[in-house]
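Read the structure below first, then the notes.
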Amino acid sequence: MIVQAFAFYLFAGILLLSALMVVTARNPVHSVLFLILSFFNSAGLFVLLGAEFIAMIMVIVYVGAVAVLFLFVVMMLDISFTDLRKGAMNYVPLGVVIGSILLFELVAIYSYWQFSPSTENNLALPGGGFEGIGNAHAIGLVIYTKYVFAFQVAGLILFVAMIGAIVLTHRTRSGVRKQKIEEQQSRKASDVVEVKKITPGTGV
Amino acid sequence: MMETLNIILLMPEIFIAVMAMVFLIFGVFQGNRSTDALCRAAVFSFVIAAYIILQTNWDTQFALNNMLVVDSFSSIIKLIIIIGVIASLGLSVKYLHQERISRFEYPVLIMFAGVGMMLMVSANNMLALYMGLELQSLSLYVLAAFNRNSLKSGEAAAKYFILGALSSGMLLFGMSLIYGFVGSLDFMTIQNTLSSLEAIPPGLTVGMVFILAALVFKISAAPFHMWTPDVYQGAPTGITAFFAIAPKVAALALIIRLLYVPFVSIADQWMQVLYFVSIMSLLFGAFVGIAQSNIKRLFAYSSIGNMGYALIGLIAGTEAGVSSVIVFMLIYMIMTAGSFAVILCMRRDGIAVENISDLSGLSKNQPILAYIMAALMFSMSGIPPFAGFFGKLFVFNAAVDSGHYLLAIIGVLASVVAAFYYLRIIKIMFFDKPADLFDKEIDVEKRIVLFLSLFFIIGFIFRPLFVLSIAQNAASSLF
């Protein structure tokens, strides 16, 4: 128990600190690196909760793909981050006010939180038979059966996202010289070479 | 676990999704010259989907492990959505060419948005609701940015996307609170759990308010309407027409199902929220609309105001209220389709003009167009022989019957104020000095939409009870 509590405070503490650094670091590359650190720590929190599958997804997807993409964008795009930041401090008081109101409300909700009398009963409805198997195994059991609809529609959403990315970025540019192997190979000497008789002394 | 897949009930959605994928493949091989053919094929697929819906049994049935429900409410709303999607596809066929944004992804994205809307309407589970909503919204974000050469289009899409993502976040947060309290995402289970409560805990109310806020954003009702004018103005006009016609109906139907199925027993909680939202929308739509000079922005404020009327019917909380909302939305959708057909005709020398003053003297230059627009505007402002009057009448009637006099009075007053800007359009068309001619050529699709909407708003008075009885049939499946 002590170990768990220690691990929780360690992960949560580093998570909060690195999240703070993400928004305050001057160098955007440092921000992204702190973001990766915070992802790792939240993955640690998920492991503590017993959700090891989500923890692994967190590391693979967020750290492996999203954060690396961020890093690419930050390094490739020619954006002056100091200019972007100019004037951002003006919004701090308003942000603090809204943030503290939200925090107050959340504390108010969660400290008086009560479950409905039938919550346990409701929770038991979909599950059952998941004792003693791991997260990934349990998800595998339901994702193609009970939740097949959500799974398929998620596929459609990703499909639309892909179409959207192509629609918004793909341009057919004219004047680009590409190698067209078909054309090269089907070219015959008779199509392009012209033999002309030239009488001496007249020129072409 | 496999007991209730019942996948056959999803035939219309599956059909459209598969056709969209086929069209995409076809478009990839044929290139952008196939756009027209694909738009027509998309219209045809929606017609087939409507036929499938008409052929299926409308008794309440559940599909895919209670994720979705098919009943007369969802079927009728799906038919209305299909009419709206077909109308907006028809309106934009020519427009895409005129603006040189004729790309084959357009019909494909519209079809996916259509699938999303139809799934939203059928949702019987918070998860299904979210998935349908996101499928629809994501397609709409892309469509808003469809004209890449226009800075405004990009700006509109960015605003829409960021605010839409924020509202999705609120939706998910609200859902998590509801799930935390009830322990289930299923609408029926939530309904049963909530109906046996003695006291309503604050967490539940907060969750419900978050969900409502996110959905009210989608129908652009007042405190969450900021995106509407900018997106309407910035998006290409053909796509604005689509935004104004179809997604509103779907989102409103979603709200109706959510309020009357899972949250029915905490009605006195959500009524307060909607009361406020409705009055705000009525006032914003009426007063801010007066100051507009751009006709697309004007219609944005008009839609904000009209959502206020629709919510009045919901606050009534009765079966008559819900059916009045359905009739109101159908009429509003058809009037909007007609009005946007006229707006799309506003072109000079091949360039679209968008100011209200550009309409001046239209009655001299193109009398038929001017008279149709006049009829549409009279109908929008709710002047008797036209359909728009009946839409408002049914809604106010439902509100008065359930004792919400104040709301009905504010609604009537707001509609008087809003009548100013509708009638001003008529005044500009008929009594102002003629401006330069518009391009005369109007394509067949626009003519069809114009005349069908005119036919509907004039013909409604002869058969109002027929439409009302269909809406009552839809509403009855929720009670």
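General remarks:
A quick yes/no check of all residues on (1) in contact with an Asp or Glu (Cβ under 7 Å, 6 or more places away or on another chain); (2) of a type outside the set (A, V, I, L, M, F, W, C); (3) crowded, with 19+ Cβ neighbours inside 10 Å; (4) under 19 Å from B:Ala123 (Cβ atoms):
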site: B:Phe23; (1), (2), (3), (4): no, no, yes, no
site: B:Asp36; (1), (2), (3), (4): no, yes, no, no
site: B:Ser45; (1), (2), (3), (4): no, yes, yes, no
site: B:Gln55; (1), (2), (3), (4): no, yes, no, no
site: B:Val69; (1), (2), (3), (4): no, no, yes, yes
site: B:Ser74; (1), (2), (3), (4): no, yes, yes, yes
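- Checking A:Phe149 against (1) more than 13 Å from every other protein chain (Cβ to nearest Cβ); (2) of a type outside the set (D, E, K, R); (3) without any contact (Cβ under 8 Å) to a residue 40 or more places away in the chain; (4) buried (at least 16 other Cβ atoms within 10 Å of the Cβ), the condition it does not meet: (1)
- Residues of segment A:157-184 that are facing another protein chain (nearest Cβ under 9 Å) and in a helix (DSSP H, G or I): A:Ile157, A:Phe159, A:Val160, A:Ala161, A:Ile163, A:Gly164, A:Ala165, A:Ile166, A:Val167, A:Leu168, A:Thr169.
- Any hit, segment B:150-161, residues being in a helix (DSSP H, G or I), of a type outside the set (Ser, Thr, Tyr), buried (at least 23 other Cβ atoms within 10 Å of the Cβ) and facing chain A (nearest Cβ under 9 Å): yes
- Restricting A:Ala154, A:Ala138 to those that are within 30 Å of B:Asn32 (Cα to Cα), surrounded by 10 or more Cβ atoms within 10 Å (Cβ to Cβ), within 14 Å of chain B (Cβ to nearest Cβ) and under 26 Å from the mean Cα position of the chain (by Cα) reduces the list to A:Ala154.
- Candidates B:Ser220, B:Ser293 - the one that is touching a strand residue (DSSP E or B) at 6+ places or on another chain (Cβ under 8 Å), within 30 Å of B:Lys446 (Cβ to Cβ) and not aromatic (Phe, Trp, Tyr): B:Ser293
- Selection status of B:Ser122, out of contact with any Asp or Glu (no Cβ under 6 Å at 6 or more places or on another chain), at pLDDT below 95 and buried (at least 24 other Cβ atoms within 10 Å of the Cβ): yes
- Condition check for A:Glu131: away from chain B (no Cβ under 14 Å), within 30 Å of B:Ala128 (Cβ to Cβ) and out of contact with any Leu (no Cβ under 7 Å at 6 or more places or on another chain): yes
- If you go through segment B:165-184 and keep only what is within 23 Å of B:Ile219 (Cα to Cα) and at the interface with chain A (Cβ under 9 Å from one of its Cβ atoms), you end up with just B:Leu177.
- Enumeration of residues in segment A:100-128 that are loosely packed, with under 11 Cβ neighbours inside 10 Å and either at pLDDT 80 or above or not small (Gly, Ala, Ser) (or both): A:Ser100, A:Ile101, A:Leu102, A:Leu103, A:Phe104, A:Val107, A:Ser111, A:Tyr112, A:Glu120
- Residues of segment B:424-479 classified as closer than 30 Å to B:Met188 by Cα and in a helix (DSSP H, G or I), total: 10
- For segment B:98-142, a tally of residues being in a helix (DSSP H, G or I) and at the interface with chain A (Cβ under 9 Å from one of its Cβ atoms) returns 20.
The values are calculated or read from the model by the stated rules, or taken from the named source; none is laboratory data. Worth saying up front: this structure is predicted, and the values here are computed from it rather than measured. Cβ atoms come from the backbone with ideal geometry, glycine included; neighbour counts cover every protein chain shown.
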